[in-house]
Amino acid sequence: REILDAHSIYAVKAAYVSERAYYNRSILQIGAKHQEDDLLQGLEVILNSVVGSFVFLTQGRKSARRIFPKLVLGDLKDFPVPRALRQGQEQWRELKRLGGMSNDRKNRPEIDALAARLYGLSSQELEQVRWETTGLRGGLI
């Protein structure tokens with residue numbers, strides 16, 4: 001749904017599906033040509049990371065609302081896709097391996113570390129993002 005998960009620092013639950021999904025106005029969908037499937041699979045992992053959540057929570061148009069915070073289509077359009085992801089660099093193997101498992105709690109540290117590397121963040125900067133995101137979500141983890 002568009003409404004962000006209020007019980008976690010992970011504000012987004014993204015999923016990649018290879019087939020066209022049923023259109024539902026409360027679910028935001030990103031479509032692409034077949035040759036862009038790798039990009040979508042990589043984007044799924046990034047959207048499910050604490051780094052992706054931080055971007056939405058700090059830059060989203062309606063994500064700071066106390067009642068019914070949500071993502072809007074413009075938030076997805078403006079989401080900063082890492083250059084390395086757009087250029088299809090080495091991280092593809094890791095993204096492919098993690099794709100489809102990105103909503104599993106045990107994979108979150110690995111997903112967060114990969115997303116941080118794609119954005120050029122150090123481990124200290126990732127911890128700062130995690131700390132800031134925890135504060136934005138009212139101290140919930």
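The values are calculated or read from the model by the stated rules, or taken from the named source; none is laboratory data. Treat the numbers as computed from the prediction; the structure is a model and nothing was measured. Ideal geometry is used to build each Cβ from the backbone, glycine not excepted, and the neighbour counts take in all protein chains shown. When the accessible area is computed, the model is the full protein with side chains, heavy atoms only, and any ligands, DNA or RNA have been set aside. Shrake-Rupley method; radii C 1.70, N 1.55, O 1.52, S 1.80 Å.
In the range 118-138, the residue that is most open to solvent (accessible area, probe 1.4 Å) out of those that are in contact (Cβ under 8 Å) with a residue 40 or more places away in the chain and polar (S, T, N, Q) is Thr134.
Condition check ((1) exposed (fewer than 11 other Cβ atoms within 10 Å of the Cβ); (2) in a loop (DSSP other than H, G, I, E, B); (3) modelled with pLDDT of 75 or more; (4) hydroxyl-bearing (Ser, Thr, Tyr)) across all residues:
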| residue | (1), (2), (3), (4) |
| --- | --- |
| Arg25 | yes, yes, no, no |
| Glu36 | no, no, no, no |
| Ile46 | no, no, yes, no |
| Gly52 | no, no, yes, no |
| Lys96 | no, no, no, no |
| Asn107 | no, no, yes, no |
| Ala116 | no, no, yes, no |
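Residue-level check: of (1) assigned to a loop (DSSP other than H, G, I, E, B); (2) at pLDDT 75 or above, Glu19 misses just (2).
Just wondering, is there one or more residues in the range 58-78 that are modelled with pLDDT under 65, polar (S, T, N, Q) and part of a loop (DSSP other than H, G, I, E, B)? For the range 58-78, residues modelled with pLDDT under 65, polar (S, T, N, Q) and part of a loop (DSSP other than H, G, I, E, B): absent.
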